[in-house]
Amino acid sequence: MTTPAGVITFKARTGQGEEVARLISAALPHVEREAGTLTWLVLRSNADPDEVFLVDLFADAASREAHMNGEAAKLIFSTVPELLAARPAIHPADLLARKDAPSGPQ
């Protein structure tokens, strides 16, 4: 069984990467209420600080679909586009391999 995932790349206008990352991160409270969103990461590139990645893992395909139509997505796509140099690149995906950190003292 595969784990549905999603990767979205946001290319900010020059100098706007920090603000784009901040606005995307502001959606966290909405994501925390999504039982089917297992992992939600906002990453800002070290190589290009105006590039921001959103990476998600979901319980199932229905959870991914609900997330993409949920409150977090609505907030992100209503606040971020004016700061972007290009349209976000949305990549629905499937997780192929994974290593997680230990959850506590062993």
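How long are the three semi-axes of the equivalent ellipsoid of the range 44-106, in whole Å, if each is the root of 5 times an eigenvalue of the C-alpha gyration tensor, listed from largest down?
Numbers: eigenvalues 128, 70, 29 Å².
So the three semi-axes of the range 44-106 are 25, 19, 12 Å.
Which of the peptides 21-27, 63-69 is most tightly packed, and how do the rest follow, going by the mean number of other Cβ atoms within 10 Å of each residue? If you can, show how the numbers build up before the last one.
On the way: 21-27: 18.9, 63-69: 16.9.
Order by mean packing, descending: 21-27, 63-69.
Could you compute the net charge surrounding His30? Neighbours are other residues with a C-beta less than 13 Å from the C-beta of His30; K and R count +1, D and E count -1. Provide the component values of the computation, followed by the final result.
On the way: positive: Arg33, Lys74; negative: Glu32, Glu34, Asp56, Glu71.
Once all neighbours under 13 Å are counted, the net charge is -2.
Starting from the Cα of Met1, move 7 Å in the Cα-to-Cβ direction to define the label point; list residues of the range 55-74 whose amide nitrogen is under 15 Å from there.
58-64
Per DSSP H run of n ≥ 4, the term is -39500 (n - 2.57); total these for the chain, divide by its residue number, and report the mean residue ellipticity at 222 nm rounded to 500 deg cm²/dmol. Display every interim value, and only then the final one.
Details: 4 runs with 31 residues, N = 106.
So the calculated ellipticity at 222 nm is -7500 deg cm²/dmol.
For the chain, with equal point scatterers placed on the C-alpha atoms only and solvent neglected, what are the log10 I(q)/I(0) values from the Debye formula at q = 0.19 1/Å, to two decimals?
At q = 0.19 Å⁻¹ the computed log10 ratios are -0.96.
Every number in this text was worked out from the coordinates using simple rules, so none of it is lab data. Only a predicted model underlies this, so the values are computations on that prediction, with no experimental measurement involved. Because the Cβ atoms are built from the backbone with ideal geometry, glycine has one as well, and the counts that use them run over all protein chains shown.
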